[in-house]
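Participant: Here it is, the structure in full.
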Amino acid sequence: NAGVTQTPKFQVLKTGQSMTLQCAQDMNHNSMYWYRQDPGMGLRLIYYSASEGTTDKGEVPNGYNVSRLNKREFSLRLESAAPSQTSVYFCASSARPEAEQYFGPGTRLTVT
Amino acid sequence: GQQVMQIPQYQHVQEGEDFTTYCNSSTTLSNIQWYKQRPGGHPVFLIQLVKSGEVKKQKRLTFQFGEAKKNSSLHITATQTTDVGTYFCAGPGAGGTSYGKLTFGQGTILTVHP
């Protein structure tokens with residue numbers, strides 16, 4: 001099992017460009033999450049999907065959209081990137097809401 | 001909303017010394033989870049505590065959940081260089097619009113000097 005995979009691993013964008021971060025899990029988990037991690041800020045939840053077909057905002061959803069494509073895949077889209085979105089983005093999944101989470105390797109995004 | 005505070009933010013120890021990080025929630029938690037993130041890596045689940053006053057051990061790591069289920073601690077005995085990383089606690093939301101979310105503490109960054 002690959003667990004949680006994320007693509008790309010690294011990305012540099014110019015301000016105003018758009019991109020989609022992809023996440024997939026092969027553990028048949030119901031719940032999936034997107035976090036961003038900035039120095040000194042811990043992990044902040046952007047969006048989550050408690051189960052297939054549902055998505056909800058987290059702590060810092062502005063500037064992002066998500067799609068729960070199917071049970072395996074949960075994508076995060078930046079429509080118009082801003083330098084404040086420079087961060088490391090982690091996708092995670094869990095068997096059910098509030099259960100232990102399994103994280104992907106992360107995407108390091110720089111917006112210039 | 002729910003807040004999870006962790007202290008200290010940083011801890012430097014000599015190899016062989018003990019280390020403790022503390023986690024406090026503004027609300028009662030149904031469970032508390034601990035994660036470890038190595039430098040440059042991703043968070044990895046360590047353990048979940050569910051019962052009031054619960055204590056669990058994993059080799060040199062001891063985890064405690066407070067009687068009121070609002071605080072927790074992680075204690076490492078005789079640290080090793082392999083213990084280096086950031087330790088996070090996380091608690092689930094209190095239901096309603098918070099259901100399904102974990103709130104993470106800011107983490108304690110542990111440095112171990114050989």
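The values are calculated or read from the model by the stated rules, or taken from the named source; none is laboratory data. No experiment lies behind these values; they were computed from the predicted model shown. Every residue, glycine as well, gets a Cβ built from its backbone with ideal geometry; the counts of neighbours run over all protein chains shown.
Participant: Under the condition of being within 15 Å of B:PHE104 (Cα to Cα) and either away from chain B (no Cβ under 14 Å) or in a loop (DSSP other than H, G, I, E, B) (or both), which residue from segment A:78-112 is modelled with the highest pLDDT?
Facilitator: A:GLN101
Participant: Shifting gears a bit: Do we find that B:ILE7 is surrounded by fewer than 16 Cβ atoms within 10 Å (Cβ to Cβ) and either of a type in the set (Gly, Ala, Ser) or within 14 Å of chain A (Cβ to nearest Cβ) (or both) in this structure?
Facilitator: Yes: the conditions hold for B:ILE7.
Participant: Filter segment B:37-50 for residues that are assigned to a strand (DSSP E or B) and more than 11 Å from chain A (Cβ to nearest Cβ) and give the result.
Facilitator: Passing the criteria: only B:LEU49.
Participant: Can you name the number of the only condition in (1) within 18 Å of B:THR111 (Cβ to Cβ); (2) aliphatic (A, V, I, L, M); (3) surrounded by fewer than 18 Cβ atoms within 10 Å (Cβ to Cβ) that B:VAL50 fails?
Facilitator: Looking at each condition in turn, B:VAL50 falls short on (1).
Participant: So, of the residues in segment B:51-85 that are among the charged types (D, E, K, R) and not in a strand (DSSP E or B), which turns out to be nearest to B:GLN11 (Cα to Cα)?
Facilitator: B:ASP83
Participant: Another one. Looking only at segment B:1-29, count every residue that is within 15 Å of the chain's Cα centre (by Cα), outside any strand (DSSP E or B) and within 27 Å of A:TRP34 (Cβ to Cβ) and tell me the total.
Facilitator: 3
Participant: Tell me which residues, restricted to segment B:14-43, are surrounded by fewer than 13 Cβ atoms within 10 Å (Cβ to Cβ) and without any contact (Cβ under 8 Å) to a residue 40 or more places away in the chain.
Facilitator: Within segment B:14-43, just B:GLY40 meets the criteria.
Participant: Moving to a separate point now. Can you tell which of A:GLY42, A:GLY104, A:GLY3 is at positive phi and in contact (Cβ under 8 Å) with a residue 24 or more places away in the chain?
Facilitator: A:GLY3
Participant: In addition: Criterion first (farther than 22 Å from B:THR81 by Cα and at pLDDT below 95) does B:SER26 satisfy it?
Facilitator: Taking the combined requirement at face value, the residue satisfies it.
Participant: Quick check on segment A:6-28: of everything there that is without any contact (Cβ under 8 Å) to a residue 60 or more places away in the chain and assigned to a strand (DSSP E or B), which residue is surrounded by the fewest Cβ atoms within 10 Å (Cβ to Cβ)?
Facilitator: Top of the filtered list is A:THR20.
Participant: Here's something else I'd like to know. Taking segment A:38-72 on its own, how many of its residues are in a strand (DSSP E or B), surrounded by fewer than 20 Cβ atoms within 10 Å (Cβ to Cβ) and polar (S, T, N, Q)?
Facilitator: 2
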